[in-house]
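Below you'll find the structure, written out as structure tokens, and then a few comments.
Nothing in this text is a laboratory measurement; each read-out follows from the coordinates by a stated rule. Keep in mind the model is a prediction, meaning the values are calculated, not measured. Reconstructed Cβ throughout: ideal geometry from the backbone, glycine too, with neighbour counts over all protein chains shown.
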Ligand SMILES: [Ca+2]
Ligand SMILES: [Ca+2]
Ligand SMILES: [Mg+2]
Ligand SMILES: [Mg+2]
Ligand code: NI
């Protein structure tokens, strides 16, 4: 392990040497998006690093160096997990205090000057070009809580829930990177759900919500008609990001029968900027939720520890700046793992492509303070959430900012963190007819 | 109008001079996919045509000629409808019997030799790179028929149905071009839906179905947070294709609560190869279905004739070659138009991109013989469909081929047709665990 770096890294940094997450950056002086890794409070510009022979000591990557001058990580991801592992390991060794390659960067102030950029000067872009995005519903406690609100405890979970990872195809074009403002959507809502006949009004969304999720990127394609076996699914996963699946609950309630959520989900889905590689999460794998249901063989994983233990926090920051942590939970609260989601998704022969995004579904713990959506916290609008500074919320107001943080490990050992997944609510566009 | 061509065109050709549909082709001698138009029984290779100054008389296209050497039509589509109109009009004039530009092709046997390729020698590819695919449910008779089967006549249509074009995000990666074999999917099905508790089995799909639809391609992007007004939506539509939304009814029945169809739809969606431009359909626009429901202003179209009248046919061809036309209907059987679908899709600010595909939903007429899915024809498995040659079907069997044809106009006037949308069912992959 290369835990100590010659580069100063704060002990609470999400980007310790154990991490080495990949992202796409640009700067004001160099506006072309390009790959980078985050280390401490710096980004290492991989296009500059590669162009200055940074990878000269790593022969395996020589024929593939063009992946570091692409505007997305798709080409790098497509090289496969064995290569990701080697590149990450090499970069760890380059930054290590006793690096075997001091000439590469440690004793090369010119390249440090050119390739290391303080994160505060960096603009992040979507890390991958996302061909298709699928959102699952594997957060058992969330599904149960929402089911209780709408159908009561006896029928909270649908009969299929524990047999397969329920999911729906999402809107890839609406996935945006942390920091992108989210405009409150307009749409059809039912002002009075008890009225007969039911006649909708046109309105801005009045029940704007969050969903605390993890996202996983695919790094290996399969062909139409050729399922990904469960035993190979983990090798098809590039890494994870934090995700906020913004949701318009009033639009959803009216539109979703019988084909599922549509406009209530397609106005923005925010992901964190830095992809934490699957390999970086290996030390933090743990057991997810126990299931009382026997799975069909195509979903049975050999590995018991199939879920990364990411400690998750959701902050709500009002326009005045008052910050309240409204939820604290862990990604262990999932009933199905990402490899299971991928195996299920492709069991029909559905082709997955490099860059496809899989959302976990809302992650909620069992306690009130661990619920990953406002809908659960306010019990469908019945109770208010108290904020620091005296304000209250049921759903999000214009000017509110939601910030998700996620981290694995303990400070003393070096954190493997995701940074932030942030979005601020802008007021709805005013439409004239 | 340039109805007569110096190129021999049969009167029953789908690709009369009135049409000029665009597609992507390759040939065995020139395997790089590139744009073409179909005229009679020939494809005009636009990359060769452009490289040999075929567009020399059309100054407006000069700066954009690189669009004709792309592997998809996205770049051409992005030029916008005014340019599509000019290019189509120019190609009509080039092929016209009294062309003002005889030197371009009519009197240029060398270029004819090089740029005109018999359609039977052409391999078709997906015409567009599809970022996102959305399937609507605007076929009122289909929605009603299916609703009756599952909920009875009183509740056949959900309360939202006539207020908005119901739709769901589909799986873009599974869209394939006519001719691609479709492998019967495996998945979870409930062998006995009345059992308690409900425990699924792993099985190949036993209720493999079709859905007769039209697809529309988007040619104009809007930004996140900026809806496309209904008055501008028609300008965002490039053209139409035939579509078969293959559906696994038994997988669908088990999986679809509460988030909608997923695996039952993601193993393949077939589209016809030639995009019939919106302009080519203008003469065939007509009124769709009447609605007794007042629409919200964002869905109100000025134009009453908002639906192309495409005569549609579905043939089922068994392994033995026996061919039965199992459905005949018209695309007028839609309650919402494509511009309405686009306006609704983006009303939340959802970003649409060039190449996005919108499916209409299953198109069924009111008579038994006009139903666009087997589910409707067999009344959810109760009655058999009689085929030519004595065979019967409820759902599709291995080796069955489904061929959709669609055409506007009458033979004497020159047809504007879509060609075919074909897929043959392959047996399910045998999985070992
Ligand atoms: Ca979600
Ligand atoms: Ca459909
Ligand atoms: Mg897609
Ligand atoms: Mg997409
Ligand atoms: Ni030549």
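With a/c under 1.5 counting as rounded, go ahead and sort the stretch B:64-208 into rounded, prolate or oblate using the C-alpha gyration tensor (a ≥ b ≥ c being the square roots of the eigenvalues; past the cut-off, prolate if a/b is larger than b/c, else oblate).
prolate
Using a label position 7 Å from Cα in the Cα→Cβ direction, what is the ascending list of nm distances from residue B:196 to the same site in the other copies?
In ascending order, 2.7 nm.
In nanometres, what is the gap between the two model label sites at residue B:97 and residue A:319, each 7 Å from Cα along Cα-to-Cβ?
7.1
Between 0 and 90 degrees, rounded to the nearest ten: what's the tilt of helix B:81-95 against the longest Cα principal axis of chain B?
Helix B:81-95 sits roughly 60 degrees off the main axis of chain B.
If packing is taken as the average number of other Cβ atoms within 10 Å across a peptide's residues, how do B:255-262, B:297-304 rank, most packed first?
Values: B:255-262: 23.0, B:297-304: 14.0.
Result, highest mean Cβ count within 10 Å first: B:255-262, B:297-304.
Pulled fully out, how much extra length does the chain show between residue B:4 and residue B:367, if you take 0.36 nm times their separation in residues and subtract their Cα-Cα distance?
126.9 nm is the gain from fully extending residue B:4 to residue B:367.
Nearest 5 percent is fine: what portion of the DSSP beta bridges confined to the protein assembly as shown is antiparallel?
Restricted to the protein assembly as shown, the bridges split so that about 90 percent are antiparallel.
Please compute, for peptide B:338-345, the average count of beta-carbon atoms on other protein chains lying within 10 Å of each residue's beta-carbon.
1
Can you tell me the orientation of helix A:140-151 relative to chain A, as the angle in degrees between its alpha-carbon axis and the longest Cα principal axis, to the nearest 10?
Long axis of A:140-151 versus the principal axis of chain A: about 20 degrees.
Report the antiparallel proportion of the DSSP beta bridges in the stretch B:133-426 as a percent, rounded to a multiple of 5.
85
Under a 10 Å cutoff between Cα atoms, tell me which one of B:167, B:152, B:23 has the largest fluctuation in the Gaussian network model of chain B.
B:152
Quick one: label points 7 angstrom along Cα→Cβ at residue B:282, distances to the other copies in nm, smallest first?
6.3
Would you work out the relative contact order for the stretch B:22-125, in percent, from Cα pairs under 8 angstrom that are 6 or more residues apart?
Value for the stretch B:22-125: 37 percent.
When ranked by the protection proxy of mean other Cβ atoms within 10 Å per residue, highest first, what sequence do the peptides B:8-20, A:362-374 form?
Details: B:8-20: 19.6, A:362-374: 21.8.
Put in order of decreasing packing, that is A:362-374, B:8-20.
Rounded to the nearest 0.05, what FRET efficiency do residue A:388 and residue A:113 have when you use their Cβ-Cβ distance and R0 = 45 Å?
Between residue A:388 and residue A:113 the formula returns 0.60.
By DSSP, what percent of the beta bridges with both residues in the stretch B:176-321 are antiparallel, rounded to the nearest 5?
Within the stretch B:176-321, antiparallel bridges account for around 90 percent of the total.
Peptide A:184-193: average number of partner chain Cβ atoms within 10 Å per residue?
Average neighbour count from other chains, rounded to a whole number: 3.
Calculate the mean, over all residues of peptide B:196-207, of how many other protein chain Cβ atoms lie within 10 angstrom of the residue's Cβ.
2
Quote to one decimal, in nm, the extra length available between residue A:201 and residue A:398 on full extension: 0.36 nm per residue of separation minus the C-alpha distance between them.
Here the segment from residue A:201 to residue A:398 would lengthen by 68.9 nm.
Would any residue of the stretch B:173-210 have its amide N under 18 Å from a label point 7 Å out along Cα→Cβ of residue B:427? List them or say none.
Hits in the stretch B:173-210 for residue B:427 at 18 Å: B:181-187, B:203-208.
For chain B, what's the relative contact order in percent, using C-alpha pairs closer than 8 Å and at least 6 residues apart?
It comes to 22 percent, rounded to a whole number.
Grab the DSSP H runs of chain B that are 4 residues or longer, score each as -39,500 (n - 2.57), total them, divide by all residues and round the 222 nm result to the nearest 500 deg cm²/dmol.
About -4500 deg cm²/dmol.
For residue A:89, which inter-copy label distances result when the label point lies 7 Å beyond Cα on the Cα-to-Cβ vector, reported in nm to one decimal and in ascending order?
Ordered by distance, the counterparts are at 6.5 nm.
Sorted by packing (mean other beta-carbon atoms within 10 Å per residue), highest first, where do B:140-150, B:101-111 land?
B:140-150, B:101-111
Which single residue of chain A puts its beta carbon nearest to the axis of rotation relating A to B, and what distance, in whole Å, does that give?
Of all Cβ atoms in A, the one closest to the rotation axis yields A:260, 1.
Take the alpha carbon gyration tensor of the stretch A:22-125, find the square roots of its eigenvalues, order them as a ≥ b ≥ c, and report rounded if a/c is under 1.5; if not, report prolate when a/b exceeds b/c, else oblate.
oblate
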